[in-house]
Structure formats: C-alpha cells, structure tokens
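Only one structure is covered here, and it is reproduced in the block below.
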C-alpha cells in the first residue's frame, strides 16, 4: 500500500483542528468586562426603559421577580416563554385567558379547569373565551 494513503488519515486528524470553526473565547465575569462590553449588554434595556415610561414599573417588578427565582424556575419560565412564542395568535389568546383565570384559583380548581379545557370541543372553548376574555395586553 502506498505510504501516502496510510498517512492520509493521520494528516487529516492532525490538520482538522486548523480547519474547524474557531472556538468562542469565554467571556469574563461582569466585573472584568470592558466598559464597551457592558454597554453592549445594557444598551437594549436602557432603550426599552426610556421608550416605555408607562411600563417601567412592570419591567422593574419582572426583573425583581426573575432574581428571586431558582435556576430551575428560570429554566422552566424560559421553556414556557419559548413555547408561548411558537403558538398561533389564537393559542396565545387562549393561553392568556386561561392563565388570567387560573391566577385566582387554588391548585384543585386549576386542575379541574385544565381537565375541563381538554374535554371541550373547539366551539365550547370559543364560548368559554367569550365568557372569560383575556385581559388587555399592556405592551
């Protein structure tokens, strides 16, 4: 067998890292970020804060609540937000109405409403939504 053919796998294995995507450098802790890096992270929030004075209280309360969550609760919240963003507008409307209604219920009542919702036909769900509309969006 030709020596070059035997060495080809070895050469490819050695050269592969040189052709691969460069790895992203890990970023330092907050205190070690440069002022420019901090500005990049903060600017979108500052712009949103300044553009929406009527929503500042809600944004502040949301941030405080997020800080008080455990890592698992944050992960669960992120999954829920992602799931909500991928819903159709009708599904989002239903979810907002159900969430608003369930906020005033105890655990047993929430479970009963979930079971009832799954048993409903689309027409029954529409009737329920008309009787229990979602609260107005404050965004």
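The values are calculated or read from the model by the stated rules, or taken from the named source; none is laboratory data. Quick caveat, the model's predicted, so the values are computed rather than measured. Glycine also receives a Cβ, built like all others from the backbone with ideal geometry; neighbour counts cover every protein chain displayed.
Before we move on, is residue 125 without any contact (Cβ under 8 Å) to a residue 40 or more places away in the chain, in contact with a helix residue (DSSP H, G or I) (Cβ under 6 Å, 6 or more places away or on another chain) and assigned to a helix (DSSP H, G or I)? Can you show your working first?
On the way: without any contact (Cβ under 8 Å) to a residue 40 or more places away in the chain: yes; in contact with a helix residue (DSSP H, G or I) (Cβ under 6 Å, 6 or more places away or on another chain): no; assigned to a helix (DSSP H, G or I): yes.
It is false that residue 125 is without any contact (Cβ under 8 Å) to a residue 40 or more places away in the chain, in contact with a helix residue (DSSP H, G or I) (Cβ under 6 Å, 6 or more places away or on another chain) and assigned to a helix (DSSP H, G or I).
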Residue 110 vs. criteria part of a helix (DSSP H, G or I), in contact with a helix residue (DSSP H, G or I) (Cβ under 8 Å, 6 or more places away or on another chain) and over 23 Å from residue 55 (Cα atoms): yes
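Counting only residues that are loosely packed, with under 12 Cβ neighbours inside 10 Å and assigned to a helix (DSSP H, G or I), how many does region 48-73 have?
Residues in region 48-73 being loosely packed, with under 12 Cβ neighbours inside 10 Å and assigned to a helix (DSSP H, G or I): 16 in total.
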Test: residue in region 87-100 that is modelled with pLDDT under 95, farther than 30 Å from residue 131 by Cβ and either in a helix (DSSP H, G or I) or touching a strand residue (DSSP E or B) at 6+ places or on another chain (Cβ under 6 Å) (or both): no
